[in-house]
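What follows is a set of notes on a single structure, which appears directly below.
The values are calculated or read from the model by the stated rules, or taken from the named source; none is laboratory data. Remember, predicted model here, so these are calculated numbers, not experimental data. Cβ atoms come from the backbone with ideal geometry, glycine included; neighbour counts cover every protein chain shown. These area figures cover heavy atoms from the full protein model, side chains too; ligands, DNA and RNA do not enter into them. Shrake-Rupley method; radii C 1.70, N 1.55, O 1.52, S 1.80 Å.
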Amino acid sequence: ARKAADGVRIPDPAGPGAYGQGRRQPMRQDLARAAELAKAAEDHARERQHPKGKLTARERLDLLFDSGTFQEIGRFAGGNIGHDVPGAAVVTGFGEVWGRKVAVYAQDFSVKGGSMGVAEGDKICHLMDMAIELKVPIVAIVDSGGARIQEGVAALTQYGRIFRKTCEASGLVPQISLILGPCAGGAVYCPALTDIIIMTRENSYMFVTGPDVVKASTGERISMEELGGGYVHNATSGVAHYLGEDEPDAIDYARTVLAYLPENSDSLPPVYAYGAGHAEDVAARRIGTIVPQNDRQPYDVVDVIRCIVDYGELVQVQELFAPSAVVGFACVAGQPVGIVADQPCQLAGSLDVDSSEKVARFVRMCDAFNLPVITLVDVPGYKPGSDQEHAGIIRRGAKVIYAYANAQVPLITVILRKAFGGAYIVLGSKAIGADFNFAWPNSQIAVLGAQGAVNIIHRKELRKAREQGPEAEERLRSELVAQYEAETVNANLSLETGQIDAMIDPEQTRDVIIRSLSVLRGKQRRRPTTRHHGNQPL
Ligand code: HXC
């Protein structure tokens, strides 16, 4: 060893010392020991998970990230290497998805049932802090028995910290939750606060109180599957946004969603190369044939969407829930957009409590992450009935207005066939704040449909006609309906008042959207006002 001028000992790389031969041996041993411990843990995880048809936390990460990009944080944190305890019940780190950085925490059910103790909470919070600082998306893979019972309130506290951090990250970076095992009790609110929840058909459960508690307190007997399985949360409660056939399918959906989103609220979504070709011409010719002239005849609006977007690819969000509205991600000329559309083959495309919340939440997500929203309208109005009124269509429908009125991304709306009443105004009309509105020829835009309108405004004449018999009344009604349809139920007034910018040929729809997006590129956000925040209807 040599001595520096100030007398500090400099280790000789070739000789014994901190960096020399003498240290190299124990370091190799440490490495070997660590590798051995990690391998034993993974063998154990496979033994526990595979018989249940589940992957291990690390196998899931292999599927999530581009090959070889995962960098773990605190592999042995929370463990006791001397006593063969390889670490906490959660794996944390960063990797790349489509070449972009993403943070992940994956609960490891093979370690104490993936339960949340102090060490796990610390690891997750540290990861979330880093992700917020780096402004990158966070993916949570949930597979856990909940708060670690042995650690008591100290474990519960960690949930509180994670809730807070999830709220801090909300709208700042995309947050996606994959539920690939149990997620019970208050722990469900970790995923509930994120943007997208993905479940699988089997082995995926979310409930605030499990079947045993339900039975004890209400007498109801219900299985985990029926209470909070993947299908129930996709089709009935609307808690989840996608139902994966299996784990690889669920993870693939997470990767797909990330492909449409920017890394954070300050950046724009990635733009993809798109070579226009023959397919657009074919789709453009087809689009006009999909929507029947008869406004009572249903059709599948997804067919229309596929004719407008690149490669006909639409990635639906909440496909199984509130099917009278369709929402999802797509690209137009390589640019990611959010699509919102009424679905006339379900409840005639009417807005109900569930579809209102589905649309509102999706528009909010698009606005948070700089995705323009394209709205395709063919709506007869709100779904009538006491069930809807009592379920809060006023309160829950208000969310659609709040979402569109506050959205600051480019908003482009096309009326395909009909747009009646309040539903017309709230679904991306210019009055609510959209940048451009277009209508297809023969669009019906009015306060009410002809039948309803005639019954109200000509009530007295119809009553008088009834005195001459029901045929006379019907004859008059038909005349008045035809007259109202010809004079009032069209796009003329909206065109004259500038609420519709142009009537377009269906074949031009894609081109008009592309041109509008180009005009709106660089649309600036409004400056924040001095209020704390709006009081959003919830
Ligand atoms: C400590 C737990 C645990 C927990 C499971 N384990 N949950 N250890 N705390 N919460 C352990 C088990 O003891 C077992 O350890 C191993 O994990 C695997 O569990 P199994 O029961 O064998 O697995 P399985 O049969 O698949 O059943 C899974 C389960 C069940 C349904 C999740 O484990 C279960 O009911 N766990 C308790 C759920 C619960 O009540 N959690 C608290 C919820 S309240 P060994 O050593 O035998 O392998 C909550 C509040 C959050 O989380 C608060 C937020 C504000």
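Restricted to segment 203-256, and to residues that are outside any loop (DSSP other than H, G, I, E, B) and hydroxyl-bearing (Ser, Thr, Tyr), which residue is farthest from the ligand (Cβ to nearest atom)? Among them, the one singled out is 256. When the criteria are applied in full, residue 242 fails the requirement of being in contact with a Phe, Trp or Tyr (Cβ under 8 Å, 6 or more places away or on another chain) and either farther than 21 Å from residue 142 by Cα or of a type in the set (D, E, K, R) (or both). So if I check each of 56, 69, 92, which one is crowded, with 21+ Cβ neighbours inside 10 Å, over 12 Å from residue 255 (Cβ atoms) and either at pLDDT below 95 or more than 24 Å from the chain's Cα centre (by Cα) (or both)? Only one candidate passes the filter, namely 56.
Would you mind telling me which numbered condition in (1) more than 15 Å from the ligand (Cβ to nearest atom); (2) more than 25 Å from residue 267 (Cα to Cα); (3) assigned to a loop (DSSP other than H, G, I, E, B) residue 199 fails? Against the list (1) more than 15 Å from the ligand (Cβ to nearest atom); (2) more than 25 Å from residue 267 (Cα to Cα); (3) assigned to a loop (DSSP other than H, G, I, E, B), residue 199 comes up short only on (3). Checked against (1) buried (at least 21 other Cβ atoms within 10 Å of the Cβ); (2) more than 16 Å from the ligand (Cβ to nearest atom), residue 108 meets all criteria but (2). The residue of segment 216-258 that is most open to solvent (accessible area, probe 1.4 Å), among those that are among the charged types (D, E, K, R) and within 21 Å of residue 174 (Cα to Cα), is 252.
Restricting 172, 180, 156, 193 to those that are over 22 Å from residue 358 (Cα atoms), among the hydrophobic types (A, V, I, L, M, F, W, C) and open to solvent by 10 Å² or more (accessible area, probe 1.4 Å) reduces the list to 156. Restricting segment 124-149 to residues that are touching a Gly at 6+ places or on another chain (Cβ under 8 Å) and open to solvent by 20 Å² or more (accessible area, probe 1.4 Å), the residue that is farthest from the ligand (Cβ to nearest atom) is 126.
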